[in-house]
Amino acid sequence: VTGVQTCALPISFTMSLANRFDDQLRLALQLFPHTRRYIVVGSMRAETVQGFRDAWGRLAPAGRHLEVWSDELSFEELEQKAAALPADSLLQFTLMGRDRLGRTATPRAVVERLARSASVPVLVGHQTLLQSGALGGLVLSADRVGRFMGELMLGNHPARDVANFYEYRFDSPTMARWEIRDERLPAGSRIDRRPRSEEHTSETPVTATS
């Protein structure tokens, strides 16, 4: 094929970027300050689990507990445990696509099942998991990463600050389910699927999307 240019990405640029453990936890405690059980769900490497534990040790008030639910549970066991959680709990879904029985599913399918059965809200860290029944959270934005890649391919030099790839983004119907008002969200949060009649009723600067 002629007339097609290729663009080599810098070796130092990786899509794993940075795990924003402290920021994820600050958001969780801002939205749900009475949380006593913070449960991280996913198939995670040891360093990821340790990152959450370290952040919890730095930021969580005394007497609160962090738990990890991994792929050592079956999908059904995960749903059952989530359905039985007390109101002072909160779920943080990372990524999970295989269960204890070796069955596979997309992370989106897993979080949809989890959010549907859970008795408490589910936060996520990836834009692709929004509008799944999860509340939202500080997400790695596929939109922003896509724009960055496009700029690189055009030969431009966009800023490579990892923070630029993240945004606070939430799902309006799920906010309503858990009675989350705009005022509890970080400034500049983006709200998906918001009714047009509600787009300009908040004192918190937000961006509404359909």
When the chain is fully extended, how far beyond the present Cα-Cα distance does Asn164 get from Ala87, taking 0.36 nm per residue of separation? 24.4 nm
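May I ask you to compute the full-extension gain from Trp178 to Thr128, defined as 0.36 nm times their residue separation minus their alpha-carbon distance, rounded to one decimal in nm?
Numbers: separation 50, 0.36 × 50 = 18.00 nm, distance 2.09 nm.
Working it through step by step, the gained length comes to 15.9 nm.
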In segment 18-119, with Lys and Arg counted as +1 and Asp and Glu as -1 at Cβ, which of these residues, Ala115, His65, Leu31, has the Cα nearest the positive end of the dipole, that is, farthest along it? Leu31
Using unit Cβ charges (K, R positive; D, E negative) and no other charged atoms, how large, in debye to the nearest 20, is the dipole of segment 27-141 about its Cα centre? 120 debye
P(r) histogram, all alpha-carbon pairs of segment 40-96 included - 5 Å bins from 0, percent: 4, 16, 28, 24, 18, 9, 1
Total formal charge among the other residues, if their Cβ is under 13 angstrom from that of Gly102, Lys/Arg +1 and Asp/Glu -1: 0
Sort Arg181, Arg196, Arg36 by accessible area with a 1.4 Å probe, largest first. Arg196, Arg181, Arg36
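The values are calculated or read from the model by the stated rules, or taken from the named source; none is laboratory data. Small disclaimer: the values here were computed from a predicted structure and weren't measured. A quick note on method: Cβ atoms are made from the backbone with ideal geometry, for glycine too, and the neighbour counts reach across all protein chains shown. Note: areas computed on protein heavy atoms with side chains; ligands, DNA, RNA excluded. Shrake-Rupley method; radii C 1.70, N 1.55, O 1.52, S 1.80 Å.
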